[in-house]
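Notes follow the structure.
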Amino acid sequence: MKALKIALLVALTGVAAQAFSDDTPAPAAASQIPVERYQYGMQLDIQKVITVSEIANECAPVPAQMTYEDSQGKRHILQYQVMGTGCSAG
């Protein structure tokens, strides 16, 4: 009976590990998306914003990235420049 419980525990642990491993391909897929650099006047088809990177604490233009889906459901990564958050107001 004890061997049956151990075998059941091992089997369930294997199934749980397999279930959690199915969630990991998303970052790998995101790394395969080419990064597009924003150019003034680009026509963007942004249907849904997925993530936006944090802005660096500098008083200068800094790069930022946005991951989004277009109206066809295709993911894009857009790199653009923003003013850093390190400037004081005075």
### Task
Just name the residue that is surrounded by the most Cβ atoms within 10 Å (Cβ to Cβ) out of those in the range 44-63 that are within 24 Å of GLY86 (Cβ to Cβ) and of a type in the set (D, E, K, R).
GLU58
### Summary
Checked against (1) at pLDDT 60 or above; (2) surrounded by 10 or more Cβ atoms within 10 Å (Cβ to Cβ), GLY41 satisfies every condition except (2)
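The values are calculated or read from the model by the stated rules, or taken from the named source; none is laboratory data. Small disclaimer: the values here were computed from a predicted structure and weren't measured. Here Cβ is always computed from backbone atoms with ideal geometry, including for glycine, and neighbour counts include all displayed protein chains.
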